[in-house]
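Read through the structure below, which is laid out as structure tokens, and then see the notes.
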Amino acid sequence: MDFNIIRIARAVINVSDLKRSRDFYVNALGFVETESDDQHIYLRGLEEHTHHSLVLKKSDKLGVHALGYKVAKEEDLDKLAAFFESKGLKTKWLEEGSQHAVGRALHVHDVSGMPLEFFCKMDGAERLLQRYDLYRGARIQRIDHVNCAVPDVEKAYDFFINELGFACSEYTATEDDRIWAAWLHRKQGVHDQAFMNGEGPRLHHIGFWLPDPLALIHCCDVLASLGYGDSIERGPGRHGLSNAFFLYLRDPDGYRIELYNGDYLTSDPDFKPIRWDLDDPRRQTFWGHKAPDSWFNETSPFLDIETGEEITVSEAKLAKIKPEFII
């Protein structure tokens, strides 16, 4: 491939009540509100030098508009458009100015039907990494990854690895060595994009990086003190897969958010992907805690890049084994 995808850079989701969402994301979790109007809230982490990494868009219809990837150069967008068109996949251009604070952007559907976005330019914002007086809640630093349920993980894996230039850090396999889940990256961490076997395409969660494990604990205290205790779905804990500390939350509209810290470097070209057995009890939660049923049953819909309607989902290709743990 002759294009350069840098990293996962933003997500755009519909929410039903902006005030309620602001209370959760800004006042409880500690996101920085860069800007807002009566239809949008633009959020970023303390480390981020760009305008936002999460857009909350007011709508009566919940769903995910796009998972946004930053590319290195403007010409990468044209090369990506030609590539997706050559595969017969749906593409749509959004010219500069049609989305606030974002330059020209390419929206596509990938082989699983997920709505992806590629862009090069975004307006800048003050980097607040050392403004410790502004640290609140979970002290969110930056967007880290997204995890999606797809009906055919091996198909998604092959497309992202062989066509888009991602690398695999870790994966989960069945007894007959079928890929059940995979963690893929462009940046030098464990993942930008993860896939798991399930009805899809659907969003499982968006992950945000924290400065240290204590931020997860502090966030739990803040959430409880503000009356958001029921928003804690799972954790705190340590993943076996990725070795990271985690906390999973559900926002007021049910979107799953992961607070994440402590994975490892994957930049060496001779790094070998780590294989986990599906039923290994330590792969998801190193300390042995089981996932709640909501983990397997509840995901968020994607929206079509042209119609804005929910994307039709398909049943998972692999048997719906309910392992002890899933990331």
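How do the pairs read when you match residues in segment 267-278 that are open to solvent by less than 60 Å² (accessible area, probe 1.4 Å) with residues anywhere that are assigned to a loop (DSSP other than H, G, I, E, B) and at pLDDT 95 or above, using Cβ under 7 Å and keeping only pairs 6 or more apart or on different chains? Final answer for the pair search is Ser267/Gln188. A count restricted to segment 18-47 and to residues that are assigned to a helix (DSSP H, G or I) and either within 14 Å of Arg250 (Cα to Cα) or of a type outside the set (A, V, I, L, M, F, W, C) (or both) stands at 9. The residue that is most open to solvent (accessible area, probe 1.4 Å), counting only those in segment 87-128 that are out of contact with any Phe, Trp or Tyr (no Cβ under 7 Å at 6 or more places or on another chain) and of a type in the set (S, T, N, Q), is Ser98.
Quickly run through segment 209-230 and pick out the residues that are in a loop (DSSP other than H, G, I, E, B), within 23 Å of the chain's Cα centre (by Cα) and more than 17 Å from Asp263 (Cα to Cα). Across segment 209-230, the qualifying residue is only Tyr228. Of all the listed residues (Phe195, Phe159, Phe208), the sole one being in contact (Cβ under 8 Å) with a residue 40 or more places away in the chain and in contact with a Cys (Cβ under 7 Å, 6 or more places away or on another chain) is Phe195.
Take the conditions in contact (Cβ under 8 Å) with a residue 40 or more places away in the chain, open to solvent by less than 10 Å² (accessible area, probe 1.4 Å) and either among the β-branched types (Val, Ile, Thr) or part of a strand (DSSP E or B) (or both) and apply them to Phe246. Does it pass? For Phe246, the condition - in contact (Cβ under 8 Å) with a residue 40 or more places away in the chain, open to solvent by less than 10 Å² (accessible area, probe 1.4 Å) and either among the β-branched types (Val, Ile, Thr) or part of a strand (DSSP E or B) (or both) - is not met. For segment 119-156, a residue qualifies if it is farther than 19 Å from Lys70 by Cβ, among the aliphatic types (A, V, I, L, M) and in contact with a strand residue (DSSP E or B) (Cβ under 6 Å, 6 or more places away or on another chain), and the qualifying residues are Ala138, Ala149, Val150, Val153, Ala156. Out of everything in segment 279-305 that is of a type in the set (D, E, K, R) and modelled with pLDDT under 80, what residue ends up being least open to solvent (accessible area, probe 1.4 Å)? By that ranking, first place goes to Arg283.
Being more than 26 Å from Asp251 (Cβ to Cβ), among the aromatic types (Phe, Trp, Tyr) and either open to solvent by less than 40 Å² (accessible area, probe 1.4 Å) or outside any strand (DSSP E or B) (or both) is a property that does not hold for Tyr171. Listed by first and then second residue, the pairs linking a residue in segment 80-104 that is closer than 16 Å to Cys120 by Cβ and assigned to a loop (DSSP other than H, G, I, E, B) to a residue that is basic (Lys, Arg) and modelled with pLDDT under 95, with Cβ atoms under 7 Å apart and 6 or more places separating them unless they lie on different chains, form an empty list.
Please pick out the residue among Ala66, Ala72 that is touching a Pro at 6+ places or on another chain (Cβ under 8 Å), among the small types (Gly, Ala, Ser) and under 20 Å from Arg104 (Cβ atoms).
The unique qualifying residue is Ala66.
Of all the criteria given as (1) closer than 23 Å to Ile5 by Cβ; (2) within 21 Å of the chain's Cα centre (by Cα), the one not satisfied by Glu85 is (2). The combined condition, being among the hydrophobic types (A, V, I, L, M, F, W, C), over 30 Å from Ser98 (Cβ atoms), without any contact (Cβ under 8 Å) to a residue 40 or more places away in the chain and crowded, with 16+ Cβ neighbours inside 10 Å, is fulfilled by Ala182. Set side by side, the residues His218, His204 differ, and just one is closer than 22 Å to Ile232 by Cβ and open to solvent by less than 40 Å² (accessible area, probe 1.4 Å), which is His204. Sub-6 Å Cβ pairs linking a first residue in segment 4-25 that is more than 11 Å from Ala66 (Cβ to Cβ) to a second residue that is part of a helix (DSSP H, G or I) and polar (S, T, N, Q), at least 6 apart or interchain, are Val15/Ser21, ordered by first then second residue.
The values are calculated or read from the model by the stated rules, or taken from the named source; none is laboratory data. Computed from a predicted model, the values in this text were never measured in an experiment. Virtual Cβ from ideal backbone geometry, glycine too; neighbours counted across all protein chains shown. Note: accessible area is taken over every heavy atom of the protein model, side chains too, but ligands, DNA and RNA are not part of it. Shrake-Rupley method; radii C 1.70, N 1.55, O 1.52, S 1.80 Å.
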